[in-house]
Amino acid sequence: MKLFPCGHATHPQWRMAAGLVLAQLQAQMELPDYATQPRLGLLYITDHYAPHAQALLDHLRQALPGVPDWAGTVGIGVAVNNAEYFDEPAMALMLCDLTSEQYRVFSGVSPLPAAWADAALVHADPHTPDLAELIAEMAGRTQQGYLFGGLSASRTRSVQFAVRAEDAGGSEVHGGVLEGGLSGVAFSPDVSLMSRVTQGCQPVSPEREITQAEGHVVLQLAGEAALDVMLADLGISLSEPQKAIAVVRSTLVGLSAAGHSGVGRTGHLGNDVRVRHIIGLDPLRQGVAVAENLEPGMLLTFCRRDVQAARADLVRVCAEIREELEPETLSIEAIHALSDNPLPTLPTAGPRIAGAVYVSCTGRGGPHFGGPSAELQIIRHALGDVPLVGFFAAGEIARNQLYGYTGVLTVFTTP
């Protein structure tokens with residue numbers, strides 16, 4: 001497995017952007033370290049191009065006849081190595097150096113057979129009914145139960161790209177632009193993947209057990225009225241409604257499964273915590289309504305978005321990946337990476353990382369990390385100059401869960 005060719009561009013006209021991307025890909029495929037005959041294209045576009053999705057895909061497929069299979073979706077922004085294109089017309093395309101036996105593109109018109117894959121990259125329409133259940137069911141179709149990906153984010157069409165030429169009549173197949181449901185790429189066990197979830201919030205209260213809940217409303221936390229607990233934790237009172245409303249609107253909840261603490265010893269949210277919005281208060285029942293179906297036994301902590309916590313957690317997951325890939329060189333690099341300003345002079349990653357996919361929340365992009373592209377620059381400083389594509393999503397998928405305000409970083413590694 002060689003490096004995955006990768007190109008990206010922004011331009012008001014999609015044809016011009018496509019031309020710039022194709023020029024980058026063709027130049028890379030002439031270099032000895034890059035794949036010369038990749039088969040799978042991962043395509044991400046911003047919603048400015050969504051109305052032209054079919055024409056754009058047809059154009060790229062015609063220009064790259066040796067790439068028979070395609071997957072991807074639309075986001076408010078797209079992510080690439082060291083940069084993000086947020087709320088502007090842009091596209092990013094990575095060509096994966098995999099054999100036809102190592103992956104399988106799936107969608108509603110080409111379902112994934114049960115237990116065929118080890119893990120899967122999943123794109124989903126956020127308006128799909130029973131989405132959480134569909135994600136869990138899809139995870140059950142993989143041997144490891146591991147998914148990574150996100151929900152399409154668009155102010156126009158929520159399109160997905162899914163072309164499996166073998167099912168649809170070879171390289172001359174037309175179409176491949178879908179709306180609704182799930183699609184993506186499943187990978188066989190001999191494709192080496194490493195994936196991590198990074199949180200973007202900081203706890204502002206102790207973690208407590210939900211002792212009584214009804215639907216989306218938590219009624220009791222650790223045996224006490226949930227509304228009273230929240231007001232005490234946040235230092236607010238309903239006698240000052242304007243102040244209370246402002247504080248509650250800036251507060252989220254972190255939820256963990258029963259028996260699994262979601263707050264680490266250092267006070268950060270763990271990988272398995274699902275962050276959800278507070279959607280209302282119920283003074284009559286002394287409850288707090290959140291955007292998740294709740295069950296007694298789950299653990300809950302109140303939290304807020306925090307720039308420094310998000311930066312530190314992203315550095316942490318990158319360091320974990322580097323430790324697994326290059327343990328003999330991590331010590332000095334980890335020292336640099338764990339600083340507030342990771343050094344841009346870190347050595348580039350070796351051939352052990354062939355490519356990467358990064359899916360981040362739309363609420364994390366741009367200024368949330370301190371400036372344009374700051375989030376992707378942190379990844380670049382930690383992992384080096386590796387091929388990377390991704391998008392800013394309306395929700396992130398990792399393992400068998402739907403997350404919010406997180407980033408999901410996945411790398412393809414060589415043997």
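The values are calculated or read from the model by the stated rules, or taken from the named source; none is laboratory data. This one's a predicted model, so the numbers in the text were calculated from it and none came from an experiment. Counting neighbours? That spans all protein chains shown, and the Cβs are built from the backbone with ideal geometry, glycine included. Only protein heavy atoms, including side chains, enter the accessible area calculation; ligands, DNA and RNA are left aside. Shrake-Rupley method; radii C 1.70, N 1.55, O 1.52, S 1.80 Å.
The residue list Leu409, Leu402 contains one member that is in contact with a Lys or Arg (Cβ under 6 Å, 6 or more places away or on another chain) and either part of a strand (DSSP E or B) or over 30 Å from Thr128 (Cβ atoms) (or both), which is Leu409. I need the full set of residues from region 1-25 which are assigned to a helix (DSSP H, G or I) and open to solvent by 90 Å² or more (accessible area, probe 1.4 Å), in order please. Scanning region 1-25 gives Arg15, Met16. Selection of strands (runs of 3 or more DSSP E) fully inside region 100-152 by the criterion of at least 3 residues being open to solvent by 10 Å² or more (accessible area, probe 1.4 Å) returns 142-151.
Residues are listed down the side, and each one gets a yes or a no for (1) assigned to a helix (DSSP H, G or I); (2) in contact (Cβ under 8 Å) with a residue 60 or more places away in the chain; (3) surrounded by fewer than 19 Cβ atoms within 10 Å (Cβ to Cβ):
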site: Gln160; (1), (2), (3): no, yes, no
site: Met194; (1), (2), (3): no, yes, yes
site: Val197; (1), (2), (3): no, yes, no
site: Gln202; (1), (2), (3): no, yes, no
site: Ala213; (1), (2), (3): no, yes, no
site: Val218; (1), (2), (3): no, yes, no
site: Val229; (1), (2), (3): yes, no, no
site: Leu238; (1), (2), (3): no, no, yes
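State which residue pairs qualify: first residue touching a residue at least 24 places away in the same chain (Cβ under 8 Å) and inside region 128-140, second residue assigned to a helix (DSSP H, G or I) and open to solvent by 50 Å² or more (accessible area, probe 1.4 Å) in any location, beta carbons under 7 Å apart, and separation of 6 or more residues or different chains. Matching pairs, first to second residue: Thr128/Leu134.
Looking at (1) within 24 Å of the chain's Cα centre (by Cα); (2) open to solvent by 50 Å² or more (accessible area, probe 1.4 Å); (3) modelled with pLDDT of 95 or more; (4) among the polar types (S, T, N, Q), which is the one condition that is false for Thr46? For Thr46, the failing item is (2). Would you be able to say whether some residue in region 384-391 is part of a helix (DSSP H, G or I) and either open to solvent by 10 Å² or more (accessible area, probe 1.4 Å) or modelled with pLDDT under 90 (or both)? No: region 384-391 contains no residue that is part of a helix (DSSP H, G or I) and either open to solvent by 10 Å² or more (accessible area, probe 1.4 Å) or modelled with pLDDT under 90 (or both).
Look at region 31-42: where a residue is farther than 21 Å from Phe161 by Cα and a partner is of a type in the set (D, E, K, R) and at pLDDT below 95, sitting 6+ places away or on another chain with Cβ atoms under 8 Å, you get Asp33/Lys2; Tyr34/Lys2; Ala35/Lys2; Thr36/Lys2.
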